[in-house]
Amino acid sequence: MRRRIFGAAATAVVFGLLIPLSGCGSSEDGADDGTLRLVAAEYGDTPANSSKAFWDKVTAAFTAAHPGIKVEVKLLPWADIDREVSRMVKAGKAPDMALMGSYSDFAAQGKLYSADELLPVAAEANFLQPLAEAGTIGTSLYGLPFVASSRLLFYNEALFTKAGVSAPKTWSQLKSAAKALKDKGVKFPYALPLGPEEAHAEAMIWELSNGGGYADSSGNYSLASDRNIETWRWVKDNLVTPGYTGPTQPSQLNRADAFAAFLRGEVGMLNGYPSLAHEAAAKGITVGTVSMPVSDTLGAEDVPPTVGVADWMMAFKQNGNRAEIGAFLDFVYQDKNLSDFANRYHLLPSTVSAARTPAGGGLDKNDEQFLTALRGAQLYPVNDPSWMAVSDTIKRNIGRAVEPGGDPQAVLQDIAAKAADAGAKS
């Protein structure tokens, strides 16, 4: 049967800590005592900005409004949460809820409640359309988008001024800007993070900018399409081989390292999201942002979709606490709560109302451009049960396409073959 894929969305990747919240027990047994269990990714990178503060506040307020229901939250690092929740589900000890980067494998197993079983119609209809689309399998929403972001091309305005270049609109202009930056001694004229941390995001950005991407117009994987092969040949020949991507091989450069170099003033251009813009401003770096330049084959007048990413809340059926889970999620998704969480980490709330209403806090000028991009974004095919395996294959292999001696066509065909095998097993 043909597997339908809808566009693109993943996690905002941040480092995490294992921090159980106050009042949380360690038991994985059922919630017969009136306690709901939520396993959530840790969005903070230090104890000072841990997500613990948010969940402590929200769960306390919820229990005050619903005295018979307590909520226990366990925070896990992004590196561990997918594996740990999968282990819990396999062991028959699923949490009531999880907030993480994927959901479709659990939905495919019939483990999840759909949104219409949990939320009022108005709440379900409030999710931004591209996010709701990515959270839907068939006609039902199983992955409830929580926070999101989109990607734009960032450039260091001071370095651009020094090099005498302006924001690029096409690949050839990007190459010219990269050459000028290199001639002025910029360490990473264009930072190309194709290391295993988040290579699938960078890869999709480039492929979309040449009219390609992960899926064709029928919604099927098209990982080794002619457009994609053309993209990576161009990137290899025009950016990597001339040394415009810096001293580190792209296959060895992770997103976190590229961002850190940008904040040190060592990067001329890279693809980024809202939190990086805020961090750069705090360090006095003036950042320009534009849509990803398009291939000269398409032309500057064409505007491919940007890449959008989202994290997903899901509710498991195992413990049978549908009404209680629904009450808690309806509470969490109130504008003030969702906006509070998004603002803590400079992400975008997933609902229309939280982004625009006074109760939701609205968005600052910097984040508005990312919200505009998100409205027309394409997300990863997270609603395909094989996506976790496919994305892992892309992350670990796409960098080989631009290595010395690498053959983009052979690499993409290898990725496509592995993706087909993962789809057959899902």
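Brief remarks follow.
- Residue match in region 230-242 (condition: free of Cβ contacts under 8 Å to residues at least 60 places away in the same chain and part of a helix (DSSP H, G or I)): yes
- Being open to solvent by less than 10 Å² (accessible area, probe 1.4 Å) and not hydroxyl-bearing (Ser, Thr, Tyr) is a description that does not apply to Leu159.
- Elements of type helices (runs of 4 or more DSSP H) contained in region 102-150, each with 3 or more residues being closer than 17 Å to Ala323 by Cα: 121-124
Okay, residues lined up against (1) among the hydroxyl-bearing types (Ser, Thr, Tyr); (2) more than 30 Å from Arg37 (Cα to Cα); (3) under 16 Å from the mean Cα position of the chain (by Cα):
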| position | (1), (2), (3) |
| --- | --- |
| Met269 | no, yes, no |
| Tyr273 | yes, yes, yes |
| Ala281 | no, yes, no |
| Thr289 | yes, yes, no |
| Val303 | no, yes, no |
| Trp312 | no, no, yes |
| Asn321 | no, no, no |
| Gly326 | no, no, no |
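- Of all the residues in region 51-96, those that are open to solvent by 10 Å² or more (accessible area, probe 1.4 Å) and assigned to a loop (DSSP other than H, G, I, E, B) number 8.
- Residue, least open to solvent (accessible area, probe 1.4 Å), within region 202-226, restricted to residues that are in contact with a Lys or Arg (Cβ under 7 Å, 6 or more places away or on another chain) and small (Gly, Ala, Ser): Gly219
- Residue within region 313-327 that is at pLDDT 95 or above, closer than 22 Å to Asn126 by Cβ and of a type in the set (Phe, Trp, Tyr) present: no
- The residue list Gly320, Gly284, Gly265 contains one member that is of a type outside the set (A, V, I, L, M), on the phi > 0 side of the Ramachandran plot and in contact with a strand residue (DSSP E or B) (Cβ under 9 Å, 6 or more places away or on another chain), which is Gly265.
- Criterion: small (Gly, Ala, Ser) and part of a helix (DSSP H, G or I) - qualifying residue of Ala224, Ala203: Ala203
- Filter result for the condition that a residue is at pLDDT below 50 and hydrophobic (A, V, I, L, M, F, W, C), over Ile19, Ile69: Ile19
- Selected residue (criterion: least open to solvent (accessible area, probe 1.4 Å)) from residues of region 379-418 that are at pLDDT below 95 and charged (D, E, K, R): Asp384
- Selection from region 137-151 of residues that are of a type in the set (A, V, I, L, M), touching a strand residue (DSSP E or B) at 6+ places or on another chain (Cβ under 6 Å) and either open to solvent by 10 Å² or more (accessible area, probe 1.4 Å) or within 17 Å of Phe106 (Cα to Cα) (or both): Leu144
- Among the conditions (1) at pLDDT 90 or above; (2) closer than 25 Å to Val235 by Cβ; (3) touching a Ser or Thr at 6+ places or on another chain (Cβ under 7 Å), the only one that Pro349 does not satisfy is (2).
- Some residue of region 235-242 being modelled with pLDDT under 95 and not basic (Lys, Arg): no
- Residue that is farthest from Glu279 (Cα to Cα) [pool: residues in region 152-182 that are small (Gly, Ala, Ser) and part of a helix (DSSP H, G or I)]: Ser172
- Meets criteria (more than 24 Å from the chain's Cα centre (by Cα) and on the phi > 0 side of the Ramachandran plot) for Gly185: yes
- Strands (runs of 3 or more DSSP E) fully within region 260-378 counting 2 or more residues that are open to solvent by less than 20 Å² (accessible area, probe 1.4 Å) and small (Gly, Ala, Ser): 267-272, 307-315
- Residue check for Leu253: of a type in the set (A, V, I, L, M), modelled with pLDDT of 95 or more and in contact with a Leu (Cβ under 9 Å, 6 or more places away or on another chain): yes
- Total residues in region 306-360 satisfying the condition of being free of Cβ contacts under 8 Å to residues at least 40 places away in the same chain and acidic (Asp, Glu): the figure is 1.
The values are calculated or read from the model by the stated rules, or taken from the named source; none is laboratory data. Note that the coordinates shown come from a computational prediction; the quantities given were computed from them, not determined experimentally. Ideal geometry is used to build each Cβ from the backbone, glycine not excepted, and the neighbour counts take in all protein chains shown. Areas reflect the complete protein model, heavy atoms only, side chains present, ligands, DNA and RNA absent. Shrake-Rupley method; radii C 1.70, N 1.55, O 1.52, S 1.80 Å.
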